[in-house]
Every structure is written in structure tokens, then in C-alpha cells.
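First up is the structure itself, then whatever we jot down about it.
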Amino acid sequence: MLVLPGLLLLISCQVIAGDIPEKTRGNHLPLIRREVKRAGGHAHLGRRGGGTAEIGVGDYLDLANQQVELLYGDSRTGTRAVGPIGNDTAGIAGLVIQDQYLAAIVETNTTVLETGSAGILGFGFPAISVLWRQLLQAQLNNDPPSKRAEGRNLVARIFPDFNFRRPTFPSFEFLLPPSHAHTKRQNATLLSSAEVIASFATYGPLFTRLISQNMVESPMFAITLQRDTVDIGGNVGSLSIGELPNGIQTDSLTWVPLRAYTPQEGGLPPAPEAPNEVYPLVWEIPIDDVYFDDVKLPRSSLSPPSISLSALIDTGNSLIRGPQDVIAQIHSSLGGEDFDCGMPHNLTFQIGGKLFSVDPRDFIHQSFTDSVQQCNTALAVTDPPGDGFLYSWSLGDPFLKSALAAFHYGNLTHPSQDPPRIGLLSTIPTDAAERLRQAVSAATEEGSGNFPATSQPAPSGTFVATGAGVGGVPQATHVPPDLNGSEPSSTNGAVYTAWSGAAWSPIWGTFGISILSFFCLVL
């Protein structure tokens, strides 16, 4: 299992090498499962399954003789992954970059390999990358490459206050002068600013390094997720790199800024030559209010009123996670955690002054096998904000199946010059509630008593849309409810033509599972 630094992209993806144009636009990902075979100072990447594409162009992964341990999630869903750090040429559908650092995971408590995925590809900011911090710290300390940071020692060093009962939060104390090492001061500045900022382009996540080398048209990517159960179809599962999907205009999205973390809040200290810069850590955006069935929900009493309401946008999260007391109020209004599957409900987030609802077909989970009479919500409790990350909500796949989401990095080294932001476009059809009723009726009266469910490996090829939905977003073919309980043979409404590394049109992939986790705590 390979892990590239940054936020999480759980995919079955194609990573191939090819001639690199001066600047390119969209592209797409199909990784193959591989095993790591040590050979002296190298690790041979051998295939362990089907697939035709390769990760990078080299036959060997150069090991840095360091080991990384990744700890992420929250107190209820803690995840661990351990493996050696390596260096190789890597690429995304022809966008190839050399000397990319990654972790070859050899031990984990995740189920990512069970999904057929080869690993995790990071799309996060450099500052949140564990791998970036570990390699930079070694550079600043003049540690030889052979110095090894073993599992728990690494955690204690990078996360000195780490507690498994809360989300991991990065520490930048190693970047501060000794007099500031144990304080969080607003005027704290970097110990070696030139090296720190320059290291974004050296040790940072793959996509941010592509941005640093001006290899994409715009410093952004966009995603849509396909519905794989209840009423299969909806948006085509897609990843568009460097631009929005064809036919989607920038001004059709609602754009909101990311939360930036000051040094007082534990954020990255600014460089002396740019003392007013404040950096984002994760894909976290402000929320105006939250509504359930058109009733505004009160703010959580578990969060200090001084912390503004915000949400993490996280495709690595298969649920919508929120404050315990607010989730309890939603369940109370439903009469309990189980309720009538055929009764549509409306969970809505007001973001940037506009309402973004969760499609009622994505709000439910079937409670019992062979019966669609009772369902439960796609909700879960997460840790309250406080000493660490400040978001109260984590909006995962149920939310992202109802919208196109665009992620603009802006200026990575000087965010004030081009602020990072997220753009959202709601894609819920006006008859979503009726479609839910039809899906429940079909499963009850004609089928096996279960909602249909499916998953697919990502195809390779250039995407050609065959239909569009709300806002012009490309749609997957609607699959009628399965009457026999077997898995549908295809859910993909896109047409794929043969792809060449020289064809730099937007390239798309269809994903059957969660894809991007914008909670960045991996490398």
C-alpha cells in the first residue's frame, strides 16, 4: 500500500508517466495494488493484482531509511498506518514529477486494501503533512538520511501532546526559535523561513508540488461523487484536475474562504519577510447555519461561543459527523434513530448565504437486512472543537453526492495574494423526495427487500459526457432498482475513449467508494 503526502484520496487509480507539457489541465487517476520488496537501499514495487498502469517511471523506490507512523481520524474512528518513507518518480495520468516522497505502508488498521484500492493519494496542504514535517525537521537539524524515526518516537516528537481521544493536530514548535518553543505567540516567526517555504516544493504532497512547478492550468481540482446505493446514479464520480468540468462556469459556484489558523491557534508561523501571512491547514469552511426539515438547529452547547461554526469537507468520511447534542436533537425529532425509509427528510447547511441540502436518498441507511421499512441516518458524532482543529462538522460523502465541490489552493506560500477557497454547486434534483419513495416502493414490492448497491473500479480514458443534470454537472446512467438482489452490471453513464499521454483534455474517473479525505493528517 502506497501513501502519498497530503489529504486522503482513496482510489483505484491510474498513475502513469509520460512526456510532460509545459502546462496542462485536467487528468484522472486508475493505482494498482503493489507489494514492497526490499533490495538493499531500494524497495521494488511489484504488482499484486490486475491493472496495467504504473506508479512513476522507476523500477525501484529509494528508501530514506526513515519510518513514518500516521495517526488520523477522531476519538471514535482512530486510524493508524506505518511504513518506510521512500522517494520515486510519481505522476497522475501523465502529470509526472520526480523525487516524490511517499510512505510504503506495511502495517495499518484500515480496510483500504479490501476495497481494491492500492493506497491513499494526498490532496492536502503541505503544512498538515506529517511527511513534510518529518523530512523538514531532519533537514533543519542536519540529521543524516540514515537517521530513523521509529513509530511511537515519531509520534511523540511530531505530536508531543498527542492523545488518542482527539484528532491529531500538527505541531510546528520545531520551526520556532528556542525562546518560543513552548509558547504560541502571535508574533512568532520561523526559525529558517527560506528553507521552510522552499520545502513545500520539495517535501510537499504530490499535487501541491505540481502546482509549485506550474504544471497545471489552475491550482485547483474538482470532484463529484456517484450514488452507489438506494437509487444508483446521480452525478458521475469524477476528479477534474486543474480546471472545472467542461460546461461548468466559475461564477456558477458559491465560493467561500478556508479557515486559516494563526500561530496562537497552533497554525504555521509566518516567515519574517511576510509576518502577516496566515496559512490554512485543512479544507475547512465557515457555515452560516444548519437546518433539519426546514427548522434551524441551535448551536451546540459543547463548542465555545468564541469559535465560529465551520465544517471540514471530507470525502474520506462516509458519513456526516457533527456535535453530539445537535445529532441527538435530529434523532429526537425523528422519534429515535430508526425511522420510516420512505419518509424523506431534509438536512441543509447554509454556506456562503446559500442553502446546500443532503439528498434524502443519501441521508438514509437501511437498518435491517431484507427490509427497507426502517432506516437510520447517515449521521455520527464527532469531537467538539477546542484545543486543536476548530470545525464542528465533517461533511462527508452523503453531502458531496449532492454537490460539485471545487478546491482552490491559491498561493501556497503567500495565501494573502490568492486566498484558498472551496466552491460548491448543489446538484439535487427537484424530485429527489419522490425518487426516494419510488426506490423504497420498488425494493419493498418487487425486489428482495434490500436497496441495490454496487461499486466499480475506476475506468481509464478520456471522459465524454452523455448527459447533464442540475447545473450542467455530468450524470451517471440511472440504474433501475435491482429486482433480484444481484449487483447491477454497470452504473457508468460516461463514455470513455482511448487515452494518450499527449491528450491533455480533462480526464475523469468513476469511484464506487469514498474518495478524498480532506482531513489531512497523512504524510
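If you check 362, 288, 293, 325 for being within 26 Å of residue 452 (Cβ to Cβ) and acidic (Asp, Glu), only one passes: 362. Answer yes or no: is there a residue in the stretch 219-234 that is within 29 Å of residue 176 (Cα to Cα), over 21 Å from the mean Cα position of the chain (by Cα) and assigned by TED's automatic domain parsing to the domain that holds residue 391. Within the stretch 219-234, not a single residue is within 29 Å of residue 176 (Cα to Cα), over 21 Å from the mean Cα position of the chain (by Cα) and assigned by TED's automatic domain parsing to the domain that holds residue 391.
Are any residues in the stretch 366-408 outside any strand (DSSP E or B) and under 16 Å from residue 254 (Cα atoms), and if so, which ones? Reasoning before the result, please.
From the stretch 366-408, those outside any strand (DSSP E or B) are 369-370, 378, 382-392, 396-402; that's our starting set.
Of everything in the stretch 366-408, those that are outside any strand (DSSP E or B) and under 16 Å from residue 254 (Cα atoms) turn out to be 399, 400, 402.
Remark: residue 211 falls outside the filter, which requires a residue to be in the same structural domain as residue 455 (by TED's automatic domain parsing), among the aliphatic types (A, V, I, L, M) and either in contact with a strand residue (DSSP E or B) (Cβ under 8 Å, 6 or more places away or on another chain) or modelled with pLDDT of 90 or more (or both).
For the stretch 297-315, the set of residues classified as farther than 26 Å from residue 237 by Cα and among the hydrophobic types (A, V, I, L, M, F, W, C) consists of 297, 302, 307, 309, listed by residue number. With respect to being closer than 23 Å to residue 362 by Cβ, out of contact with any Leu (no Cβ under 8 Å at 6 or more places or on another chain) and among the β-branched types (Val, Ile, Thr), residue 229 fits the description.
When the stretch 248-276 is filtered for residues that are closer than 30 Å to residue 425 by Cβ and in contact with a Pro (Cβ under 8 Å, 6 or more places away or on another chain), the ones remaining, listed by number, are 256, 257, 258, 259, 260, 261. A search for C-beta distances below 7 Å between a residue of the stretch 167-179 that is under 13 Å from residue 133 (Cβ atoms) and among the small types (Gly, Ala, Ser) and any residue that is at pLDDT below 80 and not in a helix (DSSP H, G or I), counting only pairs 6+ apart in sequence or on different chains, returns 171/159; 171/160. Scanning the stretch 224-261 for residues that are surrounded by fewer than 23 Cβ atoms within 10 Å (Cβ to Cβ), of a type in the set (Asp, Glu) and touching a strand residue (DSSP E or B) at 6+ places or on another chain (Cβ under 8 Å) yields one hit, 243. Can you find a residue in the stretch 239-248 that is outside any helix (DSSP H, G or I), more than 22 Å from residue 417 (Cβ to Cβ) and polar (S, T, N, Q)? Yes, the stretch 239-248 contains at least one residue that is outside any helix (DSSP H, G or I), more than 22 Å from residue 417 (Cβ to Cβ) and polar (S, T, N, Q). For residue 388, indicate whether it is within 21 Å of residue 270 (Cβ to Cβ) and modelled with pLDDT under 95. Yes: the conditions hold for residue 388. Restricted to the stretch 381-423, and to residues there that are touching an Asp or Glu at 6+ places or on another chain (Cβ under 7 Å) and small (Gly, Ala, Ser), the residue that is surrounded by the fewest Cβ atoms within 10 Å (Cβ to Cβ) is 416. A count restricted to the stretch 237-256 and to residues that are more than 17 Å from the chain's Cα centre (by Cα) and either among the charged types (D, E, K, R) or within 17 Å of residue 455 (Cβ to Cβ) (or both) stands at 2.
The rows are residues; the columns are (1) outside any loop (DSSP other than H, G, I, E, B); (2) closer than 13 Å to residue 229 by Cα; (3) modelled with pLDDT of 85 or more; (4) not assigned by TED's automatic domain parsing to the domain that holds residue 356.
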| residue | (1), (2), (3), (4) |
| --- | --- |
| 434 | yes, no, yes, no |
| 438 | yes, no, yes, no |
| 441 | yes, no, yes, no |
| 444 | yes, no, yes, no |
| 447 | no, no, no, no |
| 456 | no, yes, no, no |
| 459 | no, no, no, no |
| 478 | no, yes, no, no |
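The values are calculated or read from the model by the stated rules, or taken from the named source; none is laboratory data. Because the structure is a prediction, the values reported are computed rather than measured. For neighbour counting, all protein chains shown are included, and Cβ atoms are generated from backbone atoms with ideal geometry for every residue, glycine included.
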